[in-house]
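The values are calculated or read from the model by the stated rules, or taken from the named source; none is laboratory data. Keep in mind it's a predicted model, so treat the numbers as computed, not measured. Positions of Cβ are backbone-derived with ideal geometry, glycine not excepted, and every protein chain shown enters the neighbour counts.
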Amino acid sequence: MLAKYKKVGKVLSIGLVAVLSLSLLAACGKKEETKAPESKDNSAVVATYEGGTITANEFDLEQRVMKFLSPQYAELMEMDEIKETLLKQEIAYKYLSDKASEEAKTAGAKTAAEQFDNLKAQVKEDQWKEMLEKQNLTDQNIKDYMTRIMTVIKDKETGVTEDAMKAEYEKNKDQYTTASVRHVLINFVDPKTEKERKKEDALKLAKEVKAKLDGGADFAEIAKKYSEDPGSADKGGLYENTPVGTWVEAFKEAAKTLPLNKISDPVETEYGYHVMKVEARTEADYSKLAAEQKDALKSQLASGEIDAFMQNDLDKLIKEINLPKTDKKEEGTTEGTTGSGTEGTKTDETKADSSTDTKTDEGTTGTDKDANAEEGTSSK
């Protein structure tokens, strides 16, 4: 409940996010009707770019892989604007992977194989088979896709310096500082009546809670009785070993600065008033980061390079996009058709956002600069 809300901004890099987070496994649904792959690709060219083309069949395969990896976005991927964004993304990764060094290609294939094995291990064998069949895919289709993505990342990582990693770390230091915090929330909306509370009334209740705690009452018991945060009340108000950067600003600052085990004055956030106690805090230190954390920093910076390429250079390389539009069926008509709505359209006429944002997102992090955010709210 305490995590920052974020709106959906730049559409995706659905594929990249899926590969990096290994977030796929929605329940299998009704099997989709798909055509068997042809041995020879005679389909129309839907994109031409410097050094290559993408056919309708190639783009169809790309979409099916993305739907496999991120089924929660399947409906979104049917939108014409999103299709063009994803087509541009496919162009970018194909172009960059072709330009990658041999070392990056070897490292990308190795990392992709490891991620594929981890991904497959999360699913029962029969479910995995059903999921592949649903999108008319093979293991090799998934591996090829992952290899392309990871090759580009590994290639961009070679240009990441230690100084750049330290600078990135300093900008996001809150993501590496953790705290264990107990709190009691008095909400601006009464959860029992669902009616709005006046600020002064909420503050009065929060001060009453603080007085009880100052008088020696057990914090966990008070939180269970009075806290209106469903994400922590049953746990005695405790959020344990949590990155402080995931919390809204005022709560985050209190978690970073309060003396340990001191009962705070009421802290106001958009949710209400919090009476807090920081029980433990681990300050961030670059020199003490684990190897995995430094690798994540390097990948984050590499992803920023890919993002910059997509924003600044990609459209200059694309010569033509010829992606048919899907006409939506109007009420009272007898049929909906697929026409050639964008046939011959130059890419500078359709500036769909093709940027990549691989910094975590799914609506639960508190990093203000992260625009790839999401649906729903955190329990915090």
- Message: Return the pair list, or none, for Cβ contacts closer than 7 Å from residues in region 67-78 that are within 16 Å of T326 (Cβ to Cβ) and touching a residue at least 40 places away in the same chain (Cβ under 8 Å) to residues that are of a type in the set (S, T, N, Q) and assigned to a helix (DSSP H, G or I), at least 6 apart or on different chains.
- Response: M77/Q63
- Note on the structure: Note: among A211, A255, A217, A206, just one is out of contact with any Cys (no Cβ under 9 Å at 6 or more places or on another chain), modelled with pLDDT of 95 or more, surrounded by fewer than 19 Cβ atoms within 10 Å (Cβ to Cβ) and part of a helix (DSSP H, G or I), namely A211
- Task: Scan region 112-124 and report the pairs whose first residue is at pLDDT 90 or above and whose second residue is polar (S, T, N, Q), with Cβ atoms within less than 9 Å and a gap of 6+ or a chain change.
- Result: A112/T147; A112/T151; A113/T147; F116/T147
- Message: Whether any residue in region 291-302 is touching a helix residue (DSSP H, G or I) at 6+ places or on another chain (Cβ under 6 Å), basic (K, R) and at pLDDT 50 or above is what I want to check.
- Response: yes
- Query: Looking at (1) of a type in the set (A, V, I, L, M, F, W, C); (2) farther than 23 Å from G52 by Cα; (3) modelled with pLDDT of 75 or more, which is the one condition that is false for I318?
  - Reply: (2)
